[in-house]
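Working notes for the structure below.
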Amino acid sequence: MLPPVSVIIPARDEQDSIGAAITSVLASRGVELEVIVLDDGSTDRTAAVVLAMAEEDLRVRLATAPSLPRGWIGKQHACWVLACEAKHDVFCFLDADVRAEPEAIYRMVSELNVVERDRPERALVSGFPRQETGTFMERLLIPLIHFVLLGFLPLPAERWSGLKNFATGCGQFLMVRREPYLASGGHSAIRASMHDGLQLPRLFRRHGFRTSVYDLTRDASCRMYRNAGEVWRGLGKNATEGMASISRIPVFTLLLFAGQVLPIFLVVSVWTRQDESVFGLSLLALASGYGIRFICAWRYRQSWGGAMLHPLGVLVILTLQWYALFGKAARRPIRWKERAYRTE
C-alpha cells in the first residue's frame, strides 16, 4: 500500500492559476492526500480562492506565510514552512502553474517506493512536466531545457550513480520522504538558492540519499511564463546556478555555439563558394543538431516552430547566460514576484 502524500503548493499572486492546480491534484487516483497552499504575501485573491475550495473539500488547507527572513529566497522559505505544516511522511512540492493528471502523484509515489536489490530506496524523485508555450519567446527558449539537459547530462549516470554532479531535478514537481528531507535540512539548507530543482537533489546526494529524475510529459503540464519579459527574468534567475558560472559558461558556449549555431553559417558560407567537401561536413553537423531538436519536439510535444529556429534559440539562450553572469558579477539584484534578491 502506498503512503499518503502531502501536496505542498507555494503561491504568491496566483489567483488565475491556483484553482486549476488544486482541482487537478484533488482528481488524483490511487493515493490518499492532503493539499496545503501557502499564501506568500499575495496582493490578489489567491487566499480567497483557496479558502473557497477548502470549504468544499476538507483535504485542502490554507496557510499564511510569516515575514520573509533575511537571507531566504521566497519559494524556499514557503516550501520549508509548508513542510513543517504537513501531516504525511511524503511531501510533493508542486508549483502553482502545474496541472497534474489523475495518475501523476500515484506514479511518482510508486517510483519513490520502488525497492531494488543492493540499492538504497529513493529519498527524492522529480519530473519534468510537459512545458506548454504560447508566445514566440516561450516557444523559442523553453524547449531548450530538455535539449540542454539531455545533451549534457547522461541520464543512466544520473539514475544509477550517487555523484552529486549528476544530480538534477525540476522544481515544478519534487517528491521527497520526510525523514531524509529533515535530516538534510531540506529547503532551509538551500535558503539562498534560486533553483531548488537543481540544488535539492544535490543536497540529498551530499547526505548520502538516492535521487532520480523522470519524464512527466504524459503525467503533468506546466506553463512557466506568459510573455517575453517573464521568460527572460525566469530563465535568467535560474541561470545563475546553472550555466552562468565562470567555470561552466566557456565550455557550454563553445559546445553549443560550435555545435548548434556555427554550422548554419558554415553551410551558407561554403555553399556560396561551392566547396563540396566542407559543405557536406557542415550540412551533417547542422542536420545532427536539428535531428536531435526534432526528436525532442516530437517526444516532449514541443513547438515545431521553435524547433525550426533552433540555432537562433541557442544563440539567445547563450546571450541570456552571459547576461546573467555579468549581472551576478556586478551584484545586480534578481527581481522575481515583486521581490529583489542579491546573489553571491
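The values are calculated or read from the model by the stated rules, or taken from the named source; none is laboratory data. It should be emphasised that the depicted structure is a prediction, and the values quoted were computed from it without experimental measurement. Neighbour counts run over all protein chains shown; Cβ positions are idealised from the backbone, glycine included. Note: areas computed on protein heavy atoms with side chains; ligands, DNA, RNA excluded. Shrake-Rupley method; radii C 1.70, N 1.55, O 1.52, S 1.80 Å.
Each row is one residue, and each column tells you yes or no for (1) of a type in the set (D, E, K, R); (2) part of a helix (DSSP H, G or I); (3) surrounded by fewer than 12 Cβ atoms within 10 Å (Cβ to Cβ).
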| position | (1), (2), (3) |
| --- | --- |
| G234 | no, yes, no |
| L266 | no, yes, no |
| G291 | no, yes, yes |
| R301 | yes, no, no |
| L312 | no, yes, no |
| G327 | no, yes, no |
Q: Scan segment 165-207 residue by residue and report those that are out of contact with any helix residue (DSSP H, G or I) (no Cβ under 9 Å at 6 or more places or on another chain) and not aliphatic (A, V, I, L, M).
A: E179
Q. Got at least one residue in segment 123-142 being without any contact (Cβ under 8 Å) to a residue 12 or more places away in the chain and more than 30 Å from Q321 (Cα to Cα)?
A. no
Q) When S67 is evaluated against the numbered criteria (1) within 30 Å of W160 (Cβ to Cβ); (2) of a type in the set (S, T, Y); (3) more than 23 Å from the chain's Cα centre (by Cα), which criterion, by number, is the only one it fails? A) (1)
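Considering only segment 193-232, state which residues are in a loop (DSSP other than H, G, I, E, B) and buried (at least 18 other Cβ atoms within 10 Å of the Cβ).
The initial filter retains those residues of segment 193-232 that are in a loop (DSSP other than H, G, I, E, B), namely 193-195, 207-209, 223-227.
Within segment 193-232, S193, M194, H195, F209, M224, Y225 meet the criteria.
Would you confirm, using the coordinates I've provided, whether S24 is under 13 Å from V98 (Cβ atoms), open to solvent by less than 40 Å² (accessible area, probe 1.4 Å) and not hydrophobic (A, V, I, L, M, F, W, C)? Show your work before the answer.
Working: under 13 Å from V98 (Cβ atoms): yes; open to solvent by less than 40 Å² (accessible area, probe 1.4 Å): yes; not hydrophobic (A, V, I, L, M, F, W, C): yes.
When the stated conditions are applied, S24 passes them.
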**Q.** Candidate set from segment 220-251 (those that are among the hydrophobic types (A, V, I, L, M, F, W, C) and in contact with an Asp or Glu (Cβ under 9 Å, 6 or more places away or on another chain)); member that is farthest from T319 (Cα to Cα)
**A.** A220
Q) Any idea which residue in segment 131-151 is modelled with the highest pLDDT, counting only those that are within 13 Å of the chain's Cα centre (by Cα) and in a helix (DSSP H, G or I)? A) L144
Q. Which of the residues belonging to segment 85-106 are modelled with pLDDT of 95 or more and in a helix (DSSP H, G or I)?
A. A104, I105, Y106
Q) Only one residue in R331, R293 is among the basic types (K, R), in contact (Cβ under 8 Å) with a residue 12 or more places away in the chain and closer than 14 Å to L144 by Cβ. Which one? A) R293
Q: Only residues that are over 16 Å from C79 (Cβ atoms) and in contact with a Pro (Cβ under 9 Å, 6 or more places away or on another chain): list them for segment 183-211, please.
A: H207, G208, F209, R210, T211
Q. Which condition number does Q260 fail, the rest of (1) touching a His at 6+ places or on another chain (Cβ under 7 Å); (2) surrounded by fewer than 20 Cβ atoms within 10 Å (Cβ to Cβ) being met?
A. (2)
Q) Pick from segment 27-61 the residues that are of a type in the set (G, A, S) and touching a Leu at 6+ places or on another chain (Cβ under 8 Å): which of them is surrounded by the fewest Cβ atoms within 10 Å (Cβ to Cβ)? A) G30
